[in-house]
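The values are calculated or read from the model by the stated rules, or taken from the named source; none is laboratory data. Just so it is clear, the structure is predicted and the values come from calculations on it, not from any experiment. Neighbour counts run over all protein chains shown; Cβ positions are idealised from the backbone, glycine included.
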Amino acid sequence: MSNKYSATATASSKHPHDWGRAVSVALTHLIEEAQAKGDDVTENDLFDEDLLMNIRGGGDGVEITLHWTPASSRDEES
């Protein structure tokens, strides 16, 4: 894997306790994006990885974007 991935999902509430589903959707989309680019990854590849989360308010809810650079990609850049 030598890519950087990002995925965005929305939550209809500005309360953090309501954001779980949006985070789950974004995580699923990260894996789908990696697979679409030809990387052989599963949700297990997210274990022990660092993800960056950006939260933007808008209207009544928020937009949550997750960014992931797999550790193997960071190692290749070093």
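Got a number for residues in region 60-78 being part of a loop (DSSP other than H, G, I, E, B) and either surrounded by 11 or more Cβ atoms within 10 Å (Cβ to Cβ) or at pLDDT 95 or above (or both)?
Within region 60-78, residues that are part of a loop (DSSP other than H, G, I, E, B) and either surrounded by 11 or more Cβ atoms within 10 Å (Cβ to Cβ) or at pLDDT 95 or above (or both) number 2.
Scan region 16-59 for residues that are more than 20 Å from Thr69 (Cβ to Cβ) and either touching a residue at least 40 places away in the same chain (Cβ under 8 Å) or part of a strand (DSSP E or B) (or both) and jot them down.
Of everything in region 16-59, those that are more than 20 Å from Thr69 (Cβ to Cβ) and either touching a residue at least 40 places away in the same chain (Cβ under 8 Å) or part of a strand (DSSP E or B) (or both) turn out to be Trp19, Ala22, Arg56, Gly57, Gly58.
If you check Ser13 against the conditions, is it surrounded by 12 or more Cβ atoms within 10 Å (Cβ to Cβ), touching a residue at least 60 places away in the same chain (Cβ under 8 Å) and not in a strand (DSSP E or B)?
Here the answer is no, as Ser13 does not meet what is asked.
On the basis of being in contact with a strand residue (DSSP E or B) (Cβ under 9 Å, 6 or more places away or on another chain) and not aromatic (Phe, Trp, Tyr), does Gly38 make the cut?
no
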